[in-house]
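Below is one structure, written out as structure tokens; comments come after it.
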Amino acid sequence: MNDSGQLYTIEGVAAAIMMVITAYLVISSASIFTPQEKHVAQMQLEQLGHDALVVMDTPRENGVQSNLSDAISSDKPEWFKANYSPLINTRTDGTQDTLNYSMSVFYWDSDTDSTKEIEFFNEWDYHRENAAKVTQWAYIESGTDRTAVLQDTIVLVEVLLWRD
Amino acid sequence: MARLNDSGQWIVMMGFIVSIAIFLLALVVAESAIVGKTTSESVLEFPKTDIQDLRSELMNLTWLELNPNYQDDIAKISLERKNAVVRYQLDQTGEVPILYIHYNNGITQYNEIYFED
């Protein structure tokens, strides 16, 4: 048996340990990506949701109500869904994205002097996913049924968005 | 004991240089991650859309000559749902109507005097 080269073996083992430690340090210092990506995702969610609300609140032509005001004043949550879902869930490859949302309407009740909420659209359960809240002001000329209290008034539309 | 072999020193030195370079690159990567985090945080914090929405709604309402009923509604709902102090006033005493807008959510303050030429 050749008994030379033990020092080289030890050196090799030491180098291997050093490389493993370096790799560990590199990976653990790069894992700061996780909280950062949460913020970026939330920012994108917020901008997407708000853009879609602005589109919905823009009337098709002068003198008509926007789709958003229309859905609220007619008390038709399904109209809201039919307009809002394509705006946020359409992908370029033809499949659907998995964003869920709920929508509430807030108005000022002068009789009780407080803010009142109408849970307008609430189809999916929210299980504390990472969510973004977007808002939009809307003018309601005359509501019906649940929104009958809204006559010639300004309401705040709040949408909670999350990825399922 | 075997005599020390002095060949292969270049390989050892290059190994050290490369490992140090990888370590420095890791520092750069970590730094860029922090930059992305603070950027998106400040985007989230700045109430750009709140101010835009308020402005556009008030511009629309100016056409309806700011029914005083809406005034309080927007200010009160803003305070309660967005923690933002909103004040506005339409001054129609001059030649052209002037719209004063004030927005303050504790972090960002925005004031505007708007009139159409």
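The values are calculated or read from the model by the stated rules, or taken from the named source; none is laboratory data. Since we're looking at a predicted model, the values are computed, not measured. Neighbour counts run over all protein chains shown; Cβ positions are idealised from the backbone, glycine included. Side chains included, ligands, DNA and RNA excluded: accessible areas come from the protein's heavy atoms. Shrake-Rupley method; radii C 1.70, N 1.55, O 1.52, S 1.80 Å.
For A:Gln96, the test of being without any contact (Cβ under 8 Å) to a residue 24 or more places away in the chain and either surrounded by 20 or more Cβ atoms within 10 Å (Cβ to Cβ) or within 24 Å of the chain's Cα centre (by Cα) (or both) is passed. Taking the stated definitions as given, is A:Val155 at pLDDT 90 or above and not polar (S, T, N, Q)? The answer is yes for A:Val155.
Of the listed requirements (1) within 14 Å of chain B (Cβ to nearest Cβ); (2) within 18 Å of A:Met56 (Cα to Cα); (3) more than 17 Å from the chain's Cα centre (by Cα), A:Asp70 misses just one: (1).
When you check B:Asp6 against the structure, is it open to solvent by 60 Å² or more (accessible area, probe 1.4 Å), more than 9 Å from every other protein chain (Cβ to nearest Cβ) and at pLDDT below 85, yes or no? Answer is yes for this residue.
Would you kindly identify the helices (runs of 4 or more DSSP H) lying entirely within the stretch A:32-100 that contain at least 3 residues that are of a type in the set (Phe, Trp, Tyr) and under 28 Å from A:Gln151 (Cα atoms)? Full working, then the answer.
Values: elements: A:33-56, A:67-73, A:77-89.
Here the list reads A:77-89.
A:Leu25 passes every criterion in (1) exposed (fewer than 13 other Cβ atoms within 10 Å of the Cβ); (2) over 21 Å from the mean Cα position of the chain (by Cα) apart from (1).
Within the stretch B:23-61, restricting attention to residues that are surrounded by 15 or more Cβ atoms within 10 Å (Cβ to Cβ) and among the β-branched types (Val, Ile, Thr), the residue that is nearest to B:Tyr88 (Cα to Cα) is B:Ile51. Is it true that A:Thr115 is surrounded by fewer than 17 Cβ atoms within 10 Å (Cβ to Cβ), over 18 Å from A:Glu46 (Cα atoms) and over 18 Å from the mean Cα position of the chain (by Cα)? Answer is yes for this residue.
The conditions of being in contact (Cβ under 8 Å) with a residue 24 or more places away in the chain, out of contact with any helix residue (DSSP H, G or I) (no Cβ under 6 Å at 6 or more places or on another chain) and away from chain B (no Cβ under 14 Å) are not met by A:Asp109.
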